[in-house]
Structures are given as structure tokens and as C-alpha cells.
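Structure, as C-alpha cells:
The values are calculated or read from the model by the stated rules, or taken from the named source; none is laboratory data. Keep in mind that this is a model prediction, so the values were computed, not measured. We place every Cβ from the backbone using ideal geometry, glycine too, and count neighbours over all the protein chains shown. These accessible areas exclude ligands, DNA and RNA; they are computed on the full protein's heavy atoms, side chains included. Shrake-Rupley method; radii C 1.70, N 1.55, O 1.52, S 1.80 Å.
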Amino acid sequence: MRMWILTTRSLLLLVLGLGCETDFEPFAENSEVFSVIGYLDTERDSQFVRVEVLQDGIFFGGPRDPLDDVEVVLEHLSTGQRFAMQDSISWFSGATVHNFWTPLRPKVGESYRITVTHRDGGQSSARVLMPSAFPTPAVGMAPACLLSGCDPTPLPVSITGVERLVAVIVTYTYQPLSGNTACGRVRVAYTNETTRTADAYRTRIDWLRDLQAENLFRFETIDLLVVSGDSEWPDVTVLDEEALFLPQFVSNIDNGVGFFGGVTRKSMSLFDTGICR
Amino acid sequence: MSWMRKDVSCYRVPWISLGQAGLALHAGYTRGTLLVSITLGMYSLLYRIILQRSPRLHISCFVFALACCVLTSAVSAQEVTLRGFVADASNGQSLIGANIALLQGQALVRGGITNEQGVFNISRIVPGTYTVAVTYVGYTTHRDTLQLGDEAVVLINVALEPSAEAIDEVVITTEREAGAGTLEAGLQRIRPDDIQRIPTPAPSGDLVGYLQALPGVVSMGDRGGQLFVRGGTPSQNLILMDGALIYKPFHIIGFFSAFPEDLIANVDFYAGGFDARYSGRISSVIDVTMRGGNNQRAQGSVSLSPFLTGVRVEGPLKKGQNSFLAAVRTSLIEQTAPDLIGQELPLTFQDWFFKLQSVGNSSRCSGSFMHTYDRGRIDIESDDVFKWQNTVLAGQCAGFTPNSKVYSNVNMGFTYVNNAIGSADQPERSADAWRFNTDAHFTIYGDEREVSWGFFARTDNLTYTLAEQFQGLDNNEDFLIEVGGYVGSTWVVDEKLDIKPSLSFTIPFDHKAGLEPRLRLAWRPWGTVAQELNAAVGLYQQTFIGINDERDAGSVFTAWLAAPLDGAQARALHGILGWHQQFGAFKLSAEGYYKRLTNIPVPIWSAVARFTTRLTGASSNIYGVDTRLEFQQQQLYAYLGYGYSWIEYTSRQDHFALPGQSPLQTYHPPHDRRHQLNAVASWTPGHFEANVRWQFGAGLPYTQPLGFDSIMNVFTFLQYPTTNFGQPRVLFDKPYQGRLPTYHRLDVSMAYTFKTKRMDLELQAGGINLYDRDNLFYYDVFELRRVDQLPFTPYVSIKIETR
């Protein structure tokens, strides 16, 4: 009888033990602490970087508090000058992002380091070498007008002195048919249509194609923006969207994921009727 | 009908015209003959279409027909053949696996066993006087004296009376019995009694519960209705109901399917290595024969449990010959769950089944109708509603033609399935498939060699609306015609060795034709079925195949497509080697298997948070071992099954490769359950019955997240670095590198049956997940939320059945 009671009790304990809740840790073990996404721009007076704590869901979290337990510091390496960046919160349909910012105009050719430190000790960082300044791109002769019937020849563009081309963006303006409304704007990325030759990056601004693609009558202005990046910038022309979503492809953050780079840019007006200025 | 005369060449079969069906009526042939005639007429038309489209196929068909003739002539000698049907005298149901012994004095001369239609055939009997003894467990032995003389074929139909006492006489055993411990190169025969032993939260057991207790069969959880067999995916399983395909018979609540124990006559379950009679699928076969109605007297039952309620009625239309059976079930758990387990369970299903059966002296014909409906939210927090419904019509005739040695089995079937996912009112994705199939199977029984051959023709229409889920496959329709056939033989070399070669050929229009040779063998080194080595090897091909998005909870939604990988058909190689050992009341089976699957369409794994993905071709290597130990002695039954499985997919996933690396990625898919253990025990003293099942499963693979952030393309990044959210990004590790927690659960049931003169009243009580284990079903990485399977769920059920 005693044995039977002992056996029954053992079985009951076993059954109850089996039913204990088991913790489940869904995240893969890894050393990454933060996601850091941003860039330093020599043409801006304020610099921004987006910082997120990894393993902290952002999609359905709704409004959240500032990351008080996170310190973001930008350091100018040649002078040792440190700039503490402040958190600003942005909400996008329930998702929250933290954009840290500081007033600073980085210098071309200089090195900077961004360090993101968690109060618990976790730290992610990245070093940025700002690109050198580059000459104003050479552009061919603009046509007399930008509508069907004008000289349709695309405008040749030659970009020199750029180590890593980040973007070539053409901005057009146009006047709507109803004259009381403000001018419209069309941006077209020419980055993937730019080829590298021995001495320069070259592209051709096919304004007539863009006009027809937008189903417009004529353009009033053409502005060209060329952005040059540091040597760490990923070559986005060879990465598809799926690859960009994988952390192992585009990241220069130590103990983190994301990308922190540096850019300098040149803007120039190629054509202007004056109507949309 | 010339093809049924024994001296006629089967080479004529393909050219029989449709008009001969009418001749059959004038000649007074049976209904089965008429069905055969119509079927063959259709083959004739299809055959002519084939020849017009591809004269090259003519050669293949000619060779096939010639093989039929050669094999047939090899066994058409002139001795006496004894054959017939064995049925239950109380209800007219065919008895499958009954032993038939032909004795002279006490000496056993010849023996046989009934097939899935209750048919037996003993050929090449020397004329003389014999005693025939027919035995079946639970029935009184039938004995009769036969004088076999001038007649080439003697027909006897035997009706056995049920007996409350166990028989103490087993005259012959030519084949092993059913049971979980019995495995013959991937084949397991399942009887209703086997199913009954699995605790089920309803008055009747269910086939799906039994299948889930077998090693090598993996389900993703207690909802969703998907079964993976030895590494194959659900759409690679061929599931037949009375000879007709049914696409999604497993209900959304994982304890139930369209096959409750009390409607099943027999199930042949091939986990692999199936012979050429079955074609069009590359993983497994679940061939379910539904029982007919009682042709002796009217019967009915009503059952009720918190999970479902059901009604069944049956009875004779013409006593002893024609019967009907009708059954309807509907789930109740959606209504009862809040009170029963304190949480919502928005899952519902219904099924309807109707069968007419006619029993003749030398044939059995039936017509079956089945309709199922499932709807529900697999993840109750999600708005996604899954729905599916099946409709199946099946006609079947089997029997012998007078004065012929040919046993024929002819099926015609219509199948429709629809499944959808999305909001309750407007599904985002939906897929439909319908099939019309007709097939005919013929067997000539010999002494040492049994020859079988058959033909089939089927048309499939597949439509789908995928809302860009699978890139390039948004809205479309596939229409597919397949014709083909097979030839096979069972050659009993001696008492120790059986060899069963077979060859299937399939001619899908607009796709490549395929020849699929297969071989099964059994070797009994000591000449008894108590020790047997089984082996099987074969090639398999599948033209239309289902695709799933594994990110759907439970991967329930399936779209069927015809060879979506640029027309490449899925193919498989199976190899099986197993040993069966019987000692006393114990049976032990151990079986190793290997499957190589190629051209399997799988989604390209994507980290992008949108419901769009692309397909790529995968190949799969699968191997494992199934081990089963079964014990049965009087009122006590116990079963222990362990399965080890290793599944690896290799597919091209370009974006996972760093520059310079191979784009081929290998991973273990989400159904790679490495270890699986099932223990079942049953005790049935008198009118009492107690059943226990414990199941354990190693954790399934899943893709681990690393964290979350947002990402912008450069264009946006440069212009709106702070004012644009970009796209949410889940940072994933490589696919399926993590493992979910292990799964285990204990289910129990106890029942007592009160028997009166007019009815039986069964009361049952039990519990699912007795120790309330938190078994993870699904993890939502976006919301960091786990969805668990059912907690401890007690239930009581009642069933009233007229006698």
C-alpha cells in the first residue's frame, strides 16, 4: 500500500512537472545591440541619426518614451570634440522611431565616430571618413525648350572626383494646366543609369522620356543633384530590395546593424524658364 | 464485352468504343459491367486523342498492352478457381482480412485472404472434395464441404455471424494483420478498431488522431489540418475516399477529419514505397474505403460532445442487397470553448456523408457523396480567416465477371475543393481545384503469380487568385489532362519470398510523360510472417502540386499549380528497408527510409514585411527510422512508436549569399521534427473502455529574429532622413536555424456502454492535454506574441446507437 501511494505521488509530481510552462526565447543569440541608420552631410547644419534598440518591437508599440537610457555621441576624431545628440521621437501609424540630432556641419575629408551606448553597457559604434569635395559636374548644352517638338537630345552629364557615387537625382518642375495652383515637382533617380568610365561617372538626362512618362506637356526647370559618399557606402546598384533587408549585406556598425556614412553633394540648375521659381 | 472473356486479349481494351456500353445493357450485364464499359469507352476516346497529339506515345502504349497480354497468358491455366465475398451476416459489411482455408481432412491445401472489398480468390485448385473454413476475429467460423469438379470457377459468398467469444482457431495466416506494430515497407492497414483506441474528444475515434500517433507523421499542432508524412508536404499526399481524390479532408480542429471511425471500413496507409496502382503524388497514400450501410436492418445513432454533434442513419433499401448510409456532423467548440477552456476558439467545421451500396453475388457497387466545410481563425488575434470546403462524388464497382478469372475494380469520381484566406467577407487569396477521374483496375489471380493492370484518365482544373503573394502567379487557371496506366505483378517465388514489381506510366498533356518503375518485396527467412524483411524502391512523379506560404499560421492555405517551376514536374525516389518481428503477444517493426525529392516549389524566403514572395525549386533529402512495438493480450493493448527523421532542403536563395558565395542554401524546413514518440494504451474490460495516449515531439524549425528596425532606400534616405518611416524591417537570422520548444501532451478517455435490447448508450469522459502543457503552436515575431495549442480541455460525450 505504501509503495502504491509513493508510486502514485511520484507519477502525479511527474505529470505536474511536465506541465510547467517553458520559457521560450524567440530571438537568436547575437551581439548586436542597436540599429543605427543615418549619415553626415556636409551641406546640412544639423545631423540626424536613427537609433533603435534591437529586440524591441517597433511595429505595433504605439507612442513610446524617449530613449533615456541611451547615449548617442558624435566625435570629431582629429580634434576630439564630442557632440551629444538629442532624441526626437517620430510616430508613423503607430510605429515609433528615434531620430537623434545635433547642430553640426561636418567637414569634407575629416573623420568622425558615432557611439551609441546603453546604460546597461551595450555599445554600438561606427567610424565615418567624410568624402572629399568634388568639382561641379559637366553638363551638355540644354535645349531651348522642354516640350515635344524641341530638340529631344538628352543632356550628357559627366561627374568627376567622386570616389563612390551615392545618388544622381534630377528634379523637374512643371506648371499645371489650371494656372492658379503651384508648380508641380517630379524627381527622377538617375543613379542606376549612371555608368562608370575610367575617368568619370556618366549619364544622360532624357528629359523627353521623363516628360512622356509623367504625361506632362512641358517642364519649366531641370535641377541636378549629385551626391558623393565615403568609401563605405554600399553600391546600391548591385543590391536588390530583398538583399537590403538582410543585415549581413549593408552594415558598417560594430556590435549593431545598419549604416552610418558621410556624404557631400552638388546641386545645379540646368534649365529654368523662371515660371516656377 | 470481349475483354471479360478469358480467352480475349487485353490488347483490345483501348479500342473499345463508347457504343459498347449500350450493348452491355442489351446483353444483360451487371451494373458494374456497365460502369466498366463507360469507363473503357472514355479511355478509347482519350487514347485516340493521345495518338493524334503524339504518335510517339503509341509505341509506349503498345508495349504496355503487349506486357498485359504476356503476363495475362502466363497465368491463364485451366484449374478450378474458388472465389467470393466474405461479409458480416448482421449488416452485410464486407470483412477485410478474413482468412479462407481449403482443407482436405485436417490438412491445409490452399488459403487466401479477403481484400479491401471483402473479396478472396484461390486459383489452381485440383478438382476434388474440400472443406472450406472461413475465419475472422470476433465471428463464428464458417465451415462447408465443397465438391470441385468440372466448373472452372466456383463462387461462394460467406456471411459470418458475429460472436461475443474470441475465436480460438486460426486456420491459416497468409498475411499479417493490421495494427500499428505491423508495417510492410511503408504500408500499414488500419481498421476501425485501431482508431478507436486513440482518445478523441468525441464519441467516435477519428482517422487523423490515429495517423498523428504514427512515427513519421507530423502535424504542426492541434489546428490547421495539415499532415506531413516522412518529410513530404500535405499536397504530396494522395488521399482517396472510395477511390476518388479528396484534397483537404482534415478538419481545422486537429482531432477530426472527414473519416470518423464509425464510417470507415478500411484504410491502406502508405508512408512511402507505394506500388504503381497509385500515381500522381510523390510522398504518401491514404486510401480510405468507407463502409456501406447496414443491409439487414435500420440503424442510427446520435452523438454529442463539447467539440461536435452528429447523426447517422443507415438501413436496407432492399434487404440483403442494397443499403444506404447517411451521416452529418457539425462542430460545437466555437460555442462551447469560452465556458470549457475560458478562451475563444473560433473554429468550426461540418461534414456530410452519404453512401449507397449494392451487393450482388459477384460484385459490389457503391456511390458515395462527401462534403466538408471548415472555417476559422487559426490565430485568434489575427483577422485572417481560413476557409476550405471539399465536395466529392465517387462511384465504384468491384467484382468478378462470370466465367472469367479477372477481378475488376472501376472507379469514377468528381472532386472539388476551394480554400481561401483573408477577411471574413472578402478573401485576399483563394484557390480552387476540381478533378474528374476515372480508373479501372484488373487482377488475374494465379497460384504463384498475380497480375494486375489498370488505366486512368483524369482532368484537373486549377484556378487561383493570390493577390501577388507568389510573384508572377497572381490570377491564373491551369487545365490539365492526364492519362496513363500501370502493370504489376505479385510473384510468390516460394514460401519465403514475394516480389512485387510494377510500372506506372503517366501522360500529362502539355507536360513530360513519365515512366515510374517500382518494386516491393517481402522475405521471410524462416517461412513465417512472424519474421519478415520488407523492402521497397520506386520512382514517383507529380505534375500539379500545392504551394504554401510558410509564414501563414499553420501553412493552411494551399494553391494548386501545374508544374510551376517552368514546367518541371516534382519527382521522388523512395527507398525503404524494414524488419518485422512477432514474438508472443508482441509485434516489433523497425523500418528505415530514404526519400529524395526534386523540383519542389518553395517560396524564396524573404525578410521583407509584405505578403509577396517568389518561388524557387528545392530538392530534399529525407531519411529516418520508424520503430513500433505493439502488445495485445485479451483486454489490454499497448503501443509505443518512435520516429527519427532528418529532412534537409536545398534551394537557390540568391540574396542570402554574400558576393562570391554559392546561392544554394540548405536548411531544415518547418516540418522537420527530428524525434517523435507516441505511447498508446487501451484497456477494455467488458463494457468499459479506457484509453491513454502520450505524445512527444522535438521542436520544429523556425526562423529566429535578431531584432527590428526600419529601412529606407537611398532616394528617400537622402531627401527625408527624419520625416519618412521607410519600411519596417525584421532582422532575421538565416531561415529555420532555430527550434521551437519540444511538444508533449497526455490525452485520456474513459467510456462505459450501457447495452439494452434496442440500443447502446455510451458515456465517455476524458481530457485533452491532461497536465496543461503550454505547447507552442505559433510565434508572431512582429508582435512578440506566442500562440499556444489547446490547454487542458475536459469533456464528456454521449452516444446513443440503435442496435
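Observations, loosely collected:
- Ignoring aspartates and glutamates fewer than eight residues from B:K405 along the same chain, the ones with Cα atoms less than 19 angstrom from its Cα are B:D7, B:E79, B:E116, B:D150, B:E151, B:D447, B:E448, B:E450.
- Each part gets one Cα centre, and for segment B:199-247 versus segment A:248-277 those centres are 56 Å apart.
- Among the protein heavy atoms of segment B:501-568, carbon and sulfur supply 63% of the accessible surface, probe 1.4 Å, non-protein parts ignored.
- Sequence-distant lysines (8 or more away, or on other chains) whose Cα lies within less than 26 Å of B:K757: B:K318, B:K319, B:K799
- Rounded to 0.05, the FRET efficiency of the B:T802 and B:T528 pair, given R0 = 41 Å and the Cβ-Cβ distance, is 0.40.
- Other residues lying with their Cβ under 15 Å from the Cβ of A:G229 contribute a combined charge of -1, Lys and Arg counting +1, Asp and Glu -1.
- Placing a pseudo-label 7 Å from each Cα along the Cα-to-Cβ vector at B:L317 and A:E25 gives an inter-label distance of 6.6 nm.
- Segment B:626-781 shape via C-alpha gyration tensor axes, a/c threshold 1.5: prolate
- A:E214 versus B:R143: modelled label distance in nm, points set 7 Å from Cα along the beta carbon direction: 10.2
- Pairwise FRET efficiency - B:E334 versus A:E43, Cβ, R0 = 60 Å, nearest 0.05: 0.45
- Residues whose placed amide H lies under 5 Å from that of A:F48, excluding near-sequence neighbours: A:Y39
- Gyration tensor verdict on segment A:62-178 (Cα atoms; rounded if a/c is under 1.5, prolate if a/b is larger than b/c, oblate otherwise): oblate
- Buried solvent-accessible surface, both chains (A, B), 1.4 Å probe, Å² to nearest 100: 4900
- Inter-label distance, B:N621 to B:F479: 4.3 nm, where each label sits 7 Å from its Cα along the C-beta direction.
- Backbone phi angles across segment B:219-234, fed through the Karplus curve with coefficients 6.51, -1.76 and 1.60 (θ = phi - 60°), yield HN-Hα couplings of 10, 7, x, 8, 8, x, x, 10, 10, 10, 10, 6, x, x, 9, x Hz in residue order; Gly and Pro are listed as x.
- Note on B:Q104 and B:L577: the extension gain reaches 166.5 nm, defined as 0.36 nm multiplied by sequence separation minus the Cα-Cα distance.
- Cross-link reach list, lysines versus B:K248, counting only Cα pairs under 21 Å and skipping chain neighbours closer than eight places: B:K355, B:K387
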